[in-house]
1. When the residues of segment 106-136 are narrowed to those that are modelled with pLDDT of 95 or more and touching a Gly at 6+ places or on another chain (Cβ under 9 Å), which ends up farthest from LEU305 (Cα to Cα)?
2. In segment 40-60, how many residues are closer than 15 Å to VAL195 by Cα and not aliphatic (A, V, I, L, M)?
3. Any idea which residue in segment 84-117 is farthest from the chain's Cα centre (by Cα), counting only those that are surrounded by fewer than 22 Cβ atoms within 10 Å (Cβ to Cβ) and acidic (Asp, Glu)?
4. Under 8 Å between Cβ atoms, which residue pairs at least 6 apart in sequence (or on different chains) link something in segment 26-48 that is within 18 Å of ARG67 (Cα to Cα) with a partner that is assigned to a loop (DSSP other than H, G, I, E, B) and among the aromatic types (Phe, Trp, Tyr)?
5. Just checking, which of LEU73, LEU81 is under 21 Å from the mean Cα position of the chain (by Cα) and modelled with pLDDT of 95 or more?
6. Please determine, by comparing only the residues of segment 317-341 that are among the hydrophobic types (A, V, I, L, M, F, W, C) and part of a helix (DSSP H, G or I), which one is surrounded by the most Cβ atoms within 10 Å (Cβ to Cβ).
7. State which residue is farthest from VAL20 (Cα to Cα) when the search covers only segment 250-289 and only residues that are acidic (Asp, Glu) and surrounded by fewer than 17 Cβ atoms within 10 Å (Cβ to Cβ).
8. Read through the list (1) polar (S, T, N, Q); (2) assigned to a helix (DSSP H, G or I); (3) touching a Gly at 6+ places or on another chain (Cβ under 9 Å), then give the number of the only condition that THR84 fails.
Amino acid sequence: MNAIRTAFSNIPEPGSVQAVTEGVLWLRMPLPFSLDHINLYLIDDGDGWIAIDCGIGGGATRDVWRRVVAQELGGKPLKALLVTHFHPDHLGAAGWLCGEYGLGLWITEPEYRTAADRMIGSAATDSDATRAFYRTLGMSPEQIDSVHEMMGLMGAAYDPLPTVERVLAGEDRLTLGGREWQVRVATGHSPAHAVLYSPDLELMISGDQVLPRISSNVGLYPDRPDEDPLGHWLESLERLNEWPDDTLVLPSHNEPFYGLHRRLQELQDDHAGKLEQLLEFCAGPATVMELVPRLYPRELGKMDLMLAAGECLAHLEYLVRRDRLMRETDEQGLWRFCRLE
């Protein structure tokens, strides 16, 4: 099995474009977070370009897009926006971009619905039900307030959603620039994340599903209907093994790379290790917030705390569903997890 190899020695400067292969451009869009960039891609479709993901809403993203359209696309227009999933760094600027350039939005239906529900129901992040959810994990009132603050900031990263021109689904075949692109739908990180593969180019646009140096967050949250996200995410990783190991993988974060099968195995192994740790930590009953600092023994910021709690819970629920742990509610209404011998 091949090791992971970075595909390019040069990385685009923030806000600039670089060719990765014939008819495919890589745009490194800045983000105002600790993860300070998202990789966007553009596919030449003959008479125009298909943008893959768009960045968060706001003036900085708009400035980059205006310059790229004016200077980097060879005089050809943007003609459509394909979004891999609903997270704001991927979908946030879609309303403005589609309106500014007259683009149609291509996205899976569950991803669009989730974004719409989140925007329409942003007040739901302040609901009693949401606060009760985080209390059951063992969060303090101060921590719950921090979670609500982060949810509010995430909601502000979206422009109003555009209408959908094309609904994507698993096993779709797209013809872009005279080449076939296969669509696979991956679940767990988000409800129905679109992954694209071109057999002609031997190239995969992986979104957040396969990243070379970090693992996507796979968590259980009060506004997510998926009750076994880790199980579904691991199944989705396994299905991607059908594509060749020497595929050029274009991820949403970090650098394009080769070594798909090796990276899929590393991601599976990382989560298997977390599951074994939790089985050890749950020798006696423990809440999610008692387990988070043991599973993630580093200082966690506000966003990190929310993501870590959701991911810890997803791992615990995975084990409960497979009869490795039991979950009970104590007299304070807190969920406590304990190993089944």
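The values are calculated or read from the model by the stated rules, or taken from the named source; none is laboratory data. Worth saying up front: this structure is predicted, and the values here are computed from it rather than measured. Cβ: placed from backbone, ideal geometry, glycine included. Neighbour counts: every protein chain shown.
1. THR108
2. 2
3. Only one residue fits best here, namely GLU100.
4. Between residues of segment 26-48 that are within 18 Å of ARG67 (Cα to Cα) and residues that are assigned to a loop (DSSP other than H, G, I, E, B) and among the aromatic types (Phe, Trp, Tyr), there is no close pair.
5. Numbers: LEU73 fails: under 21 Å from the mean Cα position of the chain (by Cα).
One residue alone meets the criteria, LEU81.
6. Here is the first cut: in segment 317-341, the residues among the hydrophobic types (A, V, I, L, M, F, W, C) are 319-320, 325-326, 334-335, 337-338, 340.
Narrowing the set further to residues that are part of a helix (DSSP H, G or I) leaves 319-320.
Numbers: LEU319: 21, VAL320: 16.
Applying the filter and picking the extreme gives LEU319.
7. Initial filter on segment 250-289 (acidic (Asp, Glu)): 255, 266, 269-270, 276, 280.
If we keep only those that are surrounded by fewer than 17 Cβ atoms within 10 Å (Cβ to Cβ) too, we end up with 266, 269-270, 276, 280.
Working: GLU266: 25, ASP269: 29, ASP270: 29, GLU276: 39, GLU280: 45 Å.
Restricting to residues being acidic (Asp, Glu) and surrounded by fewer than 17 Cβ atoms within 10 Å (Cβ to Cβ), the top hit is GLU280.
8. (2)
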